[in-house]
Amino acid sequence: MTTRRDALKTLLAGSMIVAAPNALGALAYIDPPLGQKLKIPPLLDGEVNGVERNFSLTLQQGLTRFYHDVDTATWGINGSYLGPTLRMRDGERVRIQVSNNLNENSVLHWHGMNVPAKADGGPHQHIMPGGTWTAAFQVRQPAASCWYHSHAMHLSGPQVYKGLAGMLIVNDDTSDQLDLPSEYGVDDIPVIIQDRIFDREGNMVYPHRMEDHMIGVRGNTILVNGTLNPLFHARSGRTRLRLLNGANARNFTLALSNGQTFWQIATDCGLMEEPVELTQLVLTPGERAEIIVDTRGTEPFKLINVPVPASNVPYYGLFTELLMEMDRQAFDILTLEPSGLSLSDQFSLPRQLAHIDWIPESAATTTRLMLLQMGEGQGNGGGQGGGPRSRREFGGWGGGSHKINGRKMDMNFIEATIIAGTTEIWEISNETPMIHPFHIHKVHFQILERKGMPPLASERGFKDTVNVPPHGRVKVIAKFTGPGDPMIPYMFHCHILEHEDHGMMGQFMIV
Ligand code: C2O
Ligand code: CU
Ligand code: CU
C-alpha cells in the first residue's frame, strides 16, 4: 500500500505512479468495471445544402450504461448522455436547429464560438419544452476545439451535469495543411473529462448540500466521454487528445503516469505558435487544450490527475477541508494502450503551428475591472458558516451571494456596452479564497499578465476561459468585434456552473 505522500514522491522522481482507479469513490456504486473501451461521441458533419451546413440536435432524456448492469437516468443530445461532436470550417455558414424534448427550459451555448448575440445561446434564448430554436451564423475563427452546453438561467449546473454538453471542432486551411493527427476517433480524440456522484444504486446524483453549491459540485467518479474507467487503444504512434474540462467545478492537473512529456498544440480558441513541451497541464472548468501524446511502445500508461500544493487559500471550516481535498486527490483519468510501434519509429511534430497576431496593450482604449466575489456582504448568512467564528469574521455563506462587481446576475443590467471593433483590457480580480475560471462569451482574448507575471507557457494563445487564482489578478486583452446588436447581450461569468447559476455572471453588449 503506498501512501499519498509516497505516490507524490514517486511522481516527482519521474517514475511510474498508478493511482487507484476510482480513488474518489466513497459513495460510488460498488464494482465499477475496469478498462471499458473509451466511448467516442459520434461525429456530426451536418448536411450541406448549397449555402449552409445544417445540424439538427435534440435535447432528450435517456438511460446510459456506465456500469455493466445498471441503466442510469441521464440527459443527452441526440443520444442518452452528452452529444455528438459537431465539425465545421472557418468561413462557412452554419445553421443548428435545437429541439427541446425535455420537461424544462433549456438552451445550448456554443462556447468559444465567435457568433452574433442572437445565435449565442445564452440565458436570453431559452427553448421551452417541446420548442425549437435555430442558431444561424458564419464561422469566423481559426481551427479550434470548442464545445457546447446548456446555458439555461439558474439551471446550467444541473443540466450540464445530467449530460447536456458536447464538443465542437472548427477546422481551417492552417489545420488542414499541418502534419497533425486528424483522423477522428483513431488518432484525433475528444476527451471530455467530467466528475459525477453515483450512489450505491448507480444513480447519478446532483447534490443539494449548501457547501457543494458554495464551492461548486464535485463528484466522486471520473468519466471521460461518459465512460467510467476508460481505456483507449491507440493505433498510431502519435495521438492527439482534445482535452476539455467539462466538469462543473473541479480543476484537473493532468500528467502522464509514465512521467513522459507531451506537447500542447492548442489553447481554448486555436493552435499555438509552436508545440509546447509539458509534463503537467492545469485545466479549470471550461478550458480546453489539444495535446499530442507519444503512443509508440507497448507499455500501457495513463492520463492522470496529480495532487497539487493547495491552490486554495484557507477559508473556513468545512470549505477549507473540501477545497483542500480537491487539491490533494490523485486519480486516473484515461488508460492509453499504445500502438506497439517501436520507439525507434519516427515521431515528429511540426515546428511551427499557427501565426498569432499578438495584440499590443496600447491597442486598448478601455480598461475594466471585474471583481469576483462570494460569500460575503449580504448579511443573510443565517449562521450557516463552517464554524462558530465564521459568521462574524467572514459574513457567513450569504445564502449564495456569488457576485461580480458587487452584483448578482441580473438580466436587466448591462455591465459594459462596447462599440464593435473596440479593443479592451479586462482586469479580473479574484477577491475570494478559491480559483474561479473566468469566461467571456464570443471574444477570444490573450493573457497579458498574472499579477505582473507573464502568462503560463500553456496559455500563450487565444483563450476564452482563464484560471484566476485565489486573491489573484489576471489581465486579458481582446478585440470586441461586431456585428453589434443593441438588444441582446453576451455573458461573462465564472465557469464553475454553480457559481454561474448562483449569480457570478454579468452581461455586456456589443453595439
Ligand atoms: Cu461555457 Cu457561458 O459558457
Ligand atoms: Cu461561452
Ligand atoms: Cu467561481
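Mind checking which residues of segment 87-120 are more than 15 Å from ligand 1 (Cβ to nearest atom), part of a strand (DSSP E or B) and closer than 21 Å to PHE462 by Cα? Talk me through it step by step, then tell me what you get.
Here is the first cut: in segment 87-120, the residues more than 15 Å from ligand 1 (Cβ to nearest atom) are 87-105, 116, 118.
Still in the list and also part of a strand (DSSP E or B): 87-89, 93-100.
Matches in segment 87-120: ARG87, MET88, ARG89.
Under the condition of being part of a helix (DSSP H, G or I) and charged (D, E, K, R), which residue from segment 326-357 is surrounded by the fewest Cβ atoms within 10 Å (Cβ to Cβ)? Even if it seems obvious, please write down each step before you answer.
Initial filter on segment 326-357 (part of a helix (DSSP H, G or I)): 326-328.
Then keep just the ones that are charged (D, E, K, R); that gives 327-328.
Details: ASP327: 15, ARG328: 13.
Step by step, filter segment 326-357, then rank; the result is ARG328.
GLU321 satisfies every condition listed in (1) crowded, with 21+ Cβ neighbours inside 10 Å; (2) assigned to a helix (DSSP H, G or I) except (1).
Among the residues of segment 439-468, the one identified as in contact with a Cys (Cβ under 6 Å, 6 or more places away or on another chain) and aromatic (Phe, Trp, Tyr) is PHE462. No other residue among ARG196, ARG218, ARG209 is free of Cβ contacts under 8 Å to residues at least 12 places away in the same chain and over 30 Å from ALA354 (Cβ atoms) apart from ARG209. Of all residues in segment 33-76, exactly one satisfies the criterion of being farther than 27 Å from GLY202 by Cβ, in a loop (DSSP other than H, G, I, E, B) and under 23 Å from the mean Cα position of the chain (by Cα), namely ASP45. Annotation note: Cβ proximity below 6 Å between a residue of segment 37-60 that is closer than 22 Å to GLY131 by Cα and a residue that is of a type in the set (Ser, Thr, Tyr) and part of a strand (DSSP E or B) (sequence gap 6+ or interchain) occurs for THR58/SER99; LEU59/SER106.
Return yes or no: is TRP110 aromatic (Phe, Trp, Tyr), within 16 Å of ligand 2 (Cβ to nearest atom) and modelled with pLDDT of 95 or more?
Values: aromatic (Phe, Trp, Tyr): yes; within 16 Å of ligand 2 (Cβ to nearest atom): yes; modelled with pLDDT of 95 or more: yes.
Criteria met by TRP110.
Checking the structure you have, find out if any residue of segment 296-318 is charged (D, E, K, R), part of a loop (DSSP other than H, G, I, E, B), modelled with pLDDT of 95 or more and within 16 Å of ligand 1 (Cβ to nearest atom). Checked segment 296-318: no residue is charged (D, E, K, R), part of a loop (DSSP other than H, G, I, E, B), modelled with pLDDT of 95 or more and within 16 Å of ligand 1 (Cβ to nearest atom). Restricting attention to segment 404-441, the residues that are within 20 Å of VAL476 (Cβ to Cβ) and not in a loop (DSSP other than H, G, I, E, B) add up to 18.
The values are calculated or read from the model by the stated rules, or taken from the named source; none is laboratory data. Not measured: the values here are computed from a predicted model. Note that we place each Cβ from the backbone using ideal geometry, even for glycine, and neighbour counts take in every protein chain shown.
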